[in-house]
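To start, the structure itself, in structure tokens.
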Amino acid sequence: MLELNKIYNMDCVQGMKLLDDCSVDLTVTSPPYDNLRTYKGFEWDFKATAKELYRVTKQGGVVVWIVGDATVKGSETGTSFKQALYFKEIGFNLHDTMIWFKPNCFNFGSNNCYKQSFEYMFVFSKGKPKAINLIKDIPNASAGKVMKGGRKHSDGSRDIVPNFVGSEYKRRFNVWSINVSAKTYGHPAIFPEQLAKDHIVSWSNEGDVVLDPFLGSGTTAKMALLNNRNFIGFELNPEYCKIAEKRIEPYLMQQTIFELLR
Ligand SMILES: C[S@@+](CC[C@H](N)C(=O)[O-])C[C@H]1O[C@@H](n2cnc3c(N)ncnc32)[C@H](O)[C@@H]1O
């Protein structure tokens with residue numbers, strides 16, 4: 001098993017081969033997709049990556065796979081769907097297909113379509129997710145009111161449940177509206193800290209191991225540390241590794257001090 005809380009400058013498939021079976025609680029990642037960006041010629045093998053992810057994920061662990069499709073000769077490639085179906089084929093459960101809506105997106109795609117403004121966030125799980133901490137931040141119009149309810153069945157009948165009081169906030173929708181980061185740290189395809197954080201707190205618990213096989217500028221690593229999780233990151237490009245290392249340095253030091261004080 002590799003040392004935790006380190007960035008490894010290597011191909012992610014080779015890197016994951018050094019991890020034990022069932023050793024990762026959560027993966028949050030955005031792979032390079034459809035050659036939209038070349039990352040200076042660095043390449044990756046999708047099927048081998050998916051298989052290694054399945055092997056290293058713990059039972060009940062989750063993989064969040066954030067992707068979009070390129071448009072080639074007037075047609076979207078559909079690569080994201082093909083990948084999602086492959087993850088299912090090798091044993092993952094497709095727990096949820098979520099959308100990252102980018103309100104401040106400026107790359108709108110083809111002029112013949114409505115403006116392109118989202119990416120898919122496929123949430124795969126190995127069996128039933130073991131950590132589900134759904135974020136409740138939608139103000140509830142029925143907060144404090146006594147309500148009746150119960151699940152409705154296909155024949156129209158309802159379970160009878162005792163009266164309950166509406167809570168202040170409701171469960172969030174699975175479309176997340178999060179601005180594209182203004183700060184890029186010199187990386188061409190960084191995802192927002194908020195996005196990484198919200199998935200980390202939703203699908204893992206404190207002390208868990210969070211993997212990002214395509215770490216880029218280190219967003220997942222930073223948010224894992226800030227939320228009291230451990231991380232492992234693989235990144236093939238040495239320039240991005242340096243950026244990521246610099247970015248997480250203060251949080252690593254903070255974690256070491258906490259460990260010493262414990
Ligand atoms: C979409 S970016 C990830 C950005 C990251 N989420 C962030 O917030 O900075 C994908 C990254 O994967 C890296 N990469 C490409 N092929 C790789 C491979 N085989 N193994 C590890 N990293 C790879 C690229 O260099 C690029 O930095």
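The values are calculated or read from the model by the stated rules, or taken from the named source; none is laboratory data. Since the model is a prediction, treat every value here as computed from it, not as a measurement. Don't worry about glycine lacking a Cβ; one is built from the backbone with ideal geometry, like all the others, and counts go over all protein chains shown.
A few remarks follow.
- Identity of the residue in the stretch 1-46, at pLDDT 95 or above and basic (Lys, Arg), that ends up surrounded by the most Cβ atoms within 10 Å (Cβ to Cβ): LYS6
- Among the residues of the stretch 249-262, the one identified as in contact (Cβ under 8 Å) with a residue 60 or more places away in the chain and either touching a Leu at 6+ places or on another chain (Cβ under 6 Å) or not assigned by TED's automatic domain parsing to the domain that holds GLN194 (or both) is GLN255.
- When the residues of the stretch 236-255 are filtered to those that are within 15 Å of the ligand (Cβ to nearest atom) and among the hydrophobic types (A, V, I, L, M, F, W, C), the one that is farthest from ALA224 (Cα to Cα) is LEU236.
- Here ALA182 passes the criteria (1) in a loop (DSSP other than H, G, I, E, B); (2) near the ligand (Cβ under 9 Å from one of its atoms) except the one numbered (2).
- Residue within the stretch 66-77 that is in contact with a strand residue (DSSP E or B) (Cβ under 7 Å, 6 or more places away or on another chain) and within 19 Å of TYR114 (Cβ to Cβ) present: yes
- Within the stretch 41-84, being under 14 Å from PHE124 (Cα atoms), hydrophobic (A, V, I, L, M, F, W, C) and not in a strand (DSSP E or B) holds for ALA50, LEU53, VAL56, PHE81, ALA84.
- Single residue of the stretch 149-185 satisfying the filter (touching a Gly at 6+ places or on another chain (Cβ under 9 Å) and among the aliphatic types (A, V, I, L, M)) that is nearest to LYS242 (Cα to Cα): VAL165
- The listed residue being in the same structural domain as ALA244 (by TED's automatic domain parsing) and farther than 24 Å from MET16 by Cα, out of SER142, SER117: SER117
- Test: LYS183 is modelled with pLDDT of 85 or more, out of contact with any Leu (no Cβ under 8 Å at 6 or more places or on another chain), surrounded by 16 or more Cβ atoms within 10 Å (Cβ to Cβ) and basic (Lys, Arg): no
Yes or no, residue by residue, for (1) surrounded by 19 or more Cβ atoms within 10 Å (Cβ to Cβ); (2) more than 16 Å from the ligand (Cβ to nearest atom):
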{"position": "SER154", "(1), (2)": "no, yes"}
{"position": "GLY166", "(1), (2)": "no, yes"}
{"position": "TYR169", "(1), (2)": "no, yes"}
{"position": "ALA189", "(1), (2)": "no, no"}
{"position": "PRO192", "(1), (2)": "yes, no"}
{"position": "VAL209", "(1), (2)": "yes, yes"}
{"position": "PHE234", "(1), (2)": "yes, no"}
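- For the stretch 231-249, the criterion of being out of contact with any Gly (no Cβ under 7 Å at 6 or more places or on another chain) and among the aliphatic types (A, V, I, L, M) is satisfied by at least one residue.
- Selection over the stretch 105-140 of residues that are closer than 30 Å to SER75 by Cβ and surrounded by 11 or more Cβ atoms within 10 Å (Cβ to Cβ) gives a count of 15.
- Strands (runs of 3 or more DSSP E) wholly inside the stretch 85-177 containing at least 1 residues that are modelled with pLDDT under 90: 146-149, 161-165
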